[in-house]
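Below: the structure, in structure tokens.
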Amino acid sequence: MKRFMKRAFAGALALTLVVPTSVSAATYKDISDDHWAKEAIDYLTEEGLVNGFEDGTFDPNAPVKRSQAALILSKALGLEANENGVTFNDLDENDAVYDAAVALAQAGIMEGRDGNFMPNDPLTRGQMAKVLTKAYDLNGEVTASFADVSSDHWAYEYVGILAANEITGGYDDNTFRPSNETTRAQFAVFLTNTLEAAATEPEAPEEPEEPGEEVDEEILQLLEDAFEAQLNLESYTFEGDMGITLDFPIPDDLTEEEAEMIDEAMNMDMVMRGAFQADPFITEVVIEQDIPAFGESMVLPSISTETKNYQYITDAALLGYPEEWQGKYIEMDYEEMLGEEMDFPFTYDEQMELMKEIYDVLIEHIGTDYFTLHDSHDAIPGDVDYEQVLEFTLTEEELVELFTIFEEEIIPVLEGIFSNPQLTNALGLTASEAETIQAEMESDFEEFLSKLSLDEFKIIQAFDEDANIVYDTGIIQFSFTDGEETITFGIDYGMSISNFNEPVTFEYGLPENEEDIISFDEWIEWQEEQLEELEDFEEIEEVEEMEDAS
């Protein structure tokens, strides 16, 4: 809340609602002594924050443009644009508002919509509520209720916070009219009230009760050390195995052979190995999987960089690919697949920074309630050299408790992280799209959780003296019941990690020349051809069946 008070008047004389000439508060021709906004307009004028026009008017009923609000806020907050790739389709670098708009977008105050800033659009009252709340870090308990701002309205929280800080009381008919334009007079009153709220020292909030048991400082320290070690890893190798089981009702109309093939496919065992390198970022994962129905074993190598993924083809015939694809790489360029509007690369460092923010939130609200520290554990193989073992387990009852903590305490904090304009821009989403997706996810998740039954959840990790995870194993099994059908899914794995910060050798590595690459478009085109051939074949079969029947 103190950002404005620290720098509020640094650029005060430069702040304007329009390009003005200096006019004192006492000489506005269109602001009478009994004008409802006179006190606020006089105050802001005397402080050099707003001015009138050359003809001596203030024009209180004219709308405030988004560009004008951006110029005021960026200068008031001392914000400057940095080089993180935020641009707007409707702004040129030479535009007067360009730097201000970019700086506010980077700060998460004004994001625009669909890649546009809309500088000449009026600032609506709902937008104004959001901008002031974010710009001055306002907070407060949302208790006010306006007839035209329901709890699912996008501006509900922002309008409620303004009301909680006595910045607004709405209209006499108990409406806020969030879609209406914000006039110059309204802006003056809202800005004045906001400055007063920002200058008022809030009462210290009550300390929240710690969820569950007290935090174990030794476990907490190990978790923090482990994450720090992960952040600083330059390289490592890994190898292990994974089993996946899936059980669901098999249709009665299948042949015995078809039912047997499905049953075999629902129980998969695979061996995994690979290597990680941070700079340049390369991760290689090689999976070997038995295919009982064909009496074959399939090798599936996958190599990822920050911008691309490559699938190396070792078994073209088994996969049904053309023979000439053997030994080549299917290239999946993230930007080509997801569109140029995506802000790639979404680098490894950026991903780890985001994970660190999420990690801190989880630790703050969950603590160590579900962890147990051991000196040794039967789940860790005897040939693994380790110092400590951390076990994370959940019962079904604890899962419900954990999700309650997520819903009430963690998700509201994560909303702030995921609403960061840099992240939404990297994901190719507008702010409104991100809000819509989030609301849908919350709704779908609650329905999913009501049908979920946790049978077993256990993750066990062994750490060396440097807090590196040297062995990771776990088993997770749950059931999902929808109507009368129940689907059971289970996964168990064991992974050994070693060679930390040592030079690594990739088994398959990246393609060395263009001739070894099959483009994503070429792969998609081949799949479409196969689908067309299958449809043609099915049509021929249908015709033959009809002829036989006749």
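Derivation of every value follows stated rules applied to the coordinates shown; laboratory data play no part. Computed from a predicted structure; not experimentally measured. A quick note on method: Cβ atoms are made from the backbone with ideal geometry, for glycine too, and the neighbour counts reach across all protein chains shown.
Close amide H partners of Met298, meaning residues 5 or more places away or on another chain with modelled amide H under 5 Å apart, are Gln289, Asp290, Ile291. In the stretch 497-512, which residues have a backbone nitrogen under 20 Å from the label point lying 7 Å from Thr307's Cα in the Cα-to-Cβ direction? Counting backbone N atoms under 20 Å from the label point, the list is 509-512. Taking amide H atoms as placed 1.01 Å from N in the peptide plane, the amide H of Thr175 lies under 5 Å from those of Ala147, each 5 or more residues away in sequence or on another chain. Each of Val470, Val102 was scored by other Cβ atoms within 10 Å of its Cβ. Arranged with the fewest first, they read Val470, Val102.
Ranked by the mean number of other Cβ atoms within 10 Å per residue, highest first, peptides 229-240, 378-389 order as 229-240, 378-389.
Multiplying the residue separation of Val271 and Glu256 by 0.36 nm and subtracting their alpha-carbon distance yields 2.5 nm. When Glu331, Glu532 are arranged by Cβ crowding within 10 Å, least crowded first, meaning fewest neighbours, the order is Glu532, Glu331. Charge tally for Glu54 (other residues, Cβ to Cβ under 14 Å; Lys, Arg +1; Asp, Glu -1): -2.
Our coupling estimate for the stretch 470-485, obtained by passing each phi through the Karplus curve with A = 6.51, B = -1.76, C = 1.60 and θ = phi - 60°, is 9, 8, 10, 9, x, 9, 10, 9, 8, 10, 10, 10, 10, x, 9, 9 Hz, Gly and Pro reported as x. The Cα trace of the stretch 3-199 gives Rg and Dmax of 16.3, 48 Å, the first to one decimal, the second as a whole number.
In this structure, the amide hydrogen of Asp241, modeled 1.01 Å from its nitrogen in the peptide plane, lies closer than 5 angstrom to those of Met272, Gly494, counting only residues at least 5 positions away or on a different chain. Counting every other Cβ atom within 10 Å of each residue's Cβ, Tyr171, Tyr136 order from fewest to most as Tyr171, Tyr136. Say the cut-off is 20 Å between C-alpha atoms; which of Lys65/Lys134; Lys38/Lys130; Lys65/Lys130; Lys130/Lys356 go over it? Over 20 Å apart, Cα to Cα: Lys38/Lys130; Lys130/Lys356. Pairs of Cα atoms nearer than 8 Å and 6+ residues apart set the relative contact order; for the stretch 3-199 it is 24 percent.
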